Amino acid sequence: MEQYEPDRLSPAQVAAMRRSLRNGRASLTRRSLLRACAGGALATGGLGALGACGIPPAGDTRGGVSAQDHSAEEKVVHFSNWTEYIDVDDSGKHHPTLDTFRRRTGITVKYTEDINDNNEFFAKIKPQLAAGQDTGRDLVVLTDWLAARLIRLGWAQKLDPSHLPHAFANLSDQFRSPDWDPGRAYSYPWQGISTVIAYNKKALDGIEVKSVSDLLDNPRLKGRVGFLSEMRDSIGMTLLDMGKDPARFTDDDFDAVIARLQKAVDKGQIRRFTGNDYTSDLTKGDFAACLAWAGDVVQLKADSPDVDFVIPDSGYMTSTDNLLIPNKARHKTNAERLIDFFYEPEQAAALSAYVNYVSPVEGVKPYLAKIDESAADNPLIIPDQAMAAKSHAFRSLSTEEETAYESKFAKLTGA
């Protein structure tokens, strides 16, 4: 008998709840938490706490530590994920893809939605990882910057390519080689998260918005513009607008972006920096335009005819949530089989139809079209070649850089 943590709400109820959340950081949902919690590291001591807890700072200590693999005799995999981040059936009690995996392999997935914040989850597992102990989890989903940290610390196991034929063959080129895990030796993306410009057509009243410059410089938008409280997205999108590469920028480039955004704050152009509570401002028209996460925009467009989006010619930011196997996991082979299972296009389509994020799986479109043709045709879920070419990732930061940059950004946003 499968053991799952059932979702308490239907997808429609969850969407309604998400759209109604207000008041910024105090009411962040899964999506805004996973993007914004990097900024919380300074407030919670997340960066400095590494040394304070006797844990070495992140360095090039890759390798990971395996344990005896009990996959053959224990047909189970313990999978920790964020809430509302997997397909759920109409009853809200079962995950169809995990049911299919169990029937096919005989492996039961003990699925737990116990990740609410990257830093919070890291604090939960780091004492065990630092002590060389099993965390009780075979597979976890972490946002790219934290996935990079675990790999640097040597706390993630190197994957066995022979167990990942579908993953190796079907991983989209867009996600194949991040600078923090070249060639995906330790991780595979669960979903991609794109940052775009969203706008309310009624609130714009004919004003053209095609770029970050339009948001920052058009006086007719004064006080009706939103930027994101996630540093990598707001800084990254502005770097692109200024002709800089978020994968190769310098300290001077970063300071130039801070100065430009500060000018917009001082003159009242930017109304506020938000988590995904911008959805309410956007649908009401309090924001005429704002930086937004594609998963939100997909849902908002379905419910509000006034909401739409644009991809700037300069490009857009993409990050990923990633599957990793922690050190000392008891069921590494079973976890690798589950990773590979989700890289079969049919299974990836079932996941995408529910979560509405960017699928990292090549060839998923025709399978998704059988479930939801509109989703398959949505470039925010299945980017076409032209859109994928405009995608950019924020480069990995050293501990010193992250501390300095987050401090400057927090001062800008008033966090």
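The values are calculated or read from the model by the stated rules, or taken from the named source; none is laboratory data. Quick caveat: nothing in here was measured; it's all calculated off a predicted structure. Here the Cβ is made from the backbone with ideal geometry for all residues, glycine too, and neighbour counts use every protein chain on show. Note: accessible area is taken over every heavy atom of the protein model, side chains too, but ligands, DNA and RNA are not part of it. Shrake-Rupley method; radii C 1.70, N 1.55, O 1.52, S 1.80 Å.
Data for the structure
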quantity	calculated
Within the stretch 377-403, considering residues that are touching a residue at least 24 places away in the same chain (Cβ under 8 Å) and aliphatic (A, V, I, L, M), the one most open to solvent (accessible area, probe 1.4 Å)	A393
Residue list for the stretch 171-207, restricted to those being part of a helix (DSSP H, G or I) and closer than 30 Å to S280 by Cα	K201, K202, A203, L204
Evaluation of D306 against (1) more than 21 Å from the chain's Cα centre (by Cα); (2) on the phi > 0 side of the Ramachandran plot (one fails), failing number	(2)
Members of the stretch 316-335 found to be within 21 Å of the chain's Cα centre (by Cα) and not aromatic (F, W, Y), listed by number	M317, T318, S319, T320, D321, N322, L323, L324, I325, P326, A335
The stretch 235-265 - residue that is part of a loop (DSSP other than H, G, I, E, B), in contact with a Lys or Arg (Cβ under 8 Å, 6 or more places away or on another chain) and not small (G, A, S) and, of those, most open to solvent (accessible area, probe 1.4 Å)	R248
Close pairs (8 angstrom Cβ cut-off, 6 or more residues apart or separate chains): in contact (Cβ under 8 Å) with a residue 40 or more places away in the chain and closer than 15 Å to K411 by Cα in the stretch 247-273, in a helix (DSSP H, G or I) and open to solvent by 70 Å² or more (accessible area, probe 1.4 Å) anywhere	F254/K408; D255/K408; I258/K408
Check on E336, outside any loop (DSSP other than H, G, I, E, B) and modelled with pLDDT under 95	no
Flag for D384 being at pLDDT below 95 and charged (D, E, K, R)	yes
Subset tally (residues that are of a type outside the set (D, E, K, R) and open to solvent by 50 Å² or more (accessible area, probe 1.4 Å)) for the stretch 76-111	4
Number of the exception - D303 against (1) farther than 26 Å from L412 by Cα; (2) modelled with pLDDT of 95 or more; (3) not assigned by TED's automatic domain parsing to the domain that holds W82	(2)
Residue under evaluation D313, criteria (1) over 21 Å from the mean Cα position of the chain (by Cα); (2) open to solvent by 10 Å² or more (accessible area, probe 1.4 Å); (3) under 26 Å from V361 (Cβ atoms), criterion not met	(3)
Of the criteria (1) modelled with pLDDT under 95; (2) in a strand (DSSP E or B); (3) crowded, with 23+ Cβ neighbours inside 10 Å, which one R232 fails	(2)
Residue within the stretch 281-298 that is among the polar types (S, T, N, Q), out of contact with any His (no Cβ under 8 Å at 6 or more places or on another chain), in contact (Cβ under 8 Å) with a residue 60 or more places away in the chain and open to solvent by 30 Å² or more (accessible area, probe 1.4 Å) present	yes
Residues of the stretch 287-331 satisfying the condition of being assigned to a loop (DSSP other than H, G, I, E, B) and under 20 Å from L142 (Cβ atoms)	I325, N327, K328, A329, R330, H331
Qualifying residue in the stretch 148-165 (condition: open to solvent by 40 Å² or more (accessible area, probe 1.4 Å), assigned by TED's automatic domain parsing to the domain that holds Y111 and on the phi > 0 side of the Ramachandran plot)	no
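Let's see how each residue does on (1) hydroxyl-bearing (S, T, Y); (2) farther than 24 Å from P312 by Cβ:
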| position | (1), (2) |
| --- | --- |
| P165 | no, yes |
| S187 | yes, yes |
| T195 | yes, no |
| G206 | no, no |
| P219 | no, no |
| S229 | yes, no |
| I235 | no, no |
